[in-house]
Amino acid sequence: MFKGRFPYIKKMSPDEENKLKNKLFDIIFEADTPYGKLFDIALLFLILISVGLVMLESIPAINARYHLVLVISEWTLTTLFTIEYVLRLYCVKNRWKYFFSFYGIIDLLSILPFYLGLFFETSKYLSSVRILRLLRIFRIFNLTRFTRGKNILVVGLKESRDKIIVFLSFVILIVVVIGSIMYMVEHDHPESGFTSIPISIYWAIVTLTTVGYGDVSPVTGLGQFLASLVMIIGYGIIAVPTGIVTMEMNKASNNIPTNTERCRYCGDENHLDGSIYCKTCGHKLND
């Protein structure tokens, strides 16, 4: 197509394209190389600037005076982030794996609100979600102890998932029962606010979590007695998930990898130090 107009453009061979992808991967995804660290540090500064611009644009006085500058700056930064996102998709072996990964979703969400803002004006302020991309700072500066702490937390939450689901199911049953009982006790007193079972369940959730908005409150002696029991139970219920997660974190703390090298094929970056092959897909890490 461009051969006649641009004869000096040479199509890359598969080997050359593969080398280009590997080089881009090392720069964009790896934080252990000089260029990779420089790229990520520059990216972090751009993210901070972008989030700051979104915050400034939400201030009417500043937006009215510097609206054009803010818009041009945001367009420029979003264009850079879009190019970066496309390059990430280009250089990974498994694009769908990256697309649905945690960082892949965060990277997409960092640019999506801006484009949605072209149709829905207020949605562009969601661009502040870009601040989540700063989670990469632990890898960039090789903060091993912080990386290890993050991995322990992730494993602890993952291993305690089933227990937490069972616990939350039990809590839901409790609030439904308590809400229904409180409705029977208080429904004859409209001033209490217990006008329906759903509202009573809402009160039970607010009280059990010790939030206590005060918009709905019992006025009868029996209702106040039940409310006191719910408040006491609430303190115990709050401590249960913490204990479950802490127990699983203690189990995981003895075998947590700190190697940050990412697999080009599946995107896994949790490997033991000195690993040659990916523990998830089996491909060579530096291939």
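Computed from the C-beta positions of Phe102 and Ser228 and an R0 of 45 Å, the FRET efficiency is 0.60 to the nearest 0.05. Residue by residue, the range 85-91 carries 3J(HN,Hα) couplings of 5, 5, 5, 4, 5, 5, 8 Hz when phi is fed to the Karplus relation 6.51 cos²θ - 1.76 cosθ + 1.60 (θ = phi - 60°); x denotes Gly or Pro. Backbone amide hydrogens, once placed in the peptide plane, bring Tyr277 within less than 5 Å of Leu285, excluding anything fewer than 5 places away on its chain. Estimated at 0.36 nm per residue, the fully extended path between Met184 and Leu56 surpasses their Cα-Cα distance by 41.0 nm. Between Asn22 and Val86, how high is the FRET efficiency from 1/(1 + (r/R0)^6) when r is the Cβ-Cβ distance and R₀ = 22 Å? Nearest 0.05. Approximately 0.80, to the nearest 0.05. Once the Cα-Cα distance is subtracted from the 0.36 nm per residue extended length, the Ser196 to Thr246 segment shows a gain of 14.2 nm. Here the extension length gained between Arg65 and Asp15 equals 12.8 nm, from 0.36 nm per residue of separation less the Cα-Cα distance.
No value in this document is a laboratory result; all are computed from the given coordinates. Keep in mind the model is a prediction, meaning the values are calculated, not measured. Cβ: placed from backbone, ideal geometry, glycine included. Neighbour counts: every protein chain shown.
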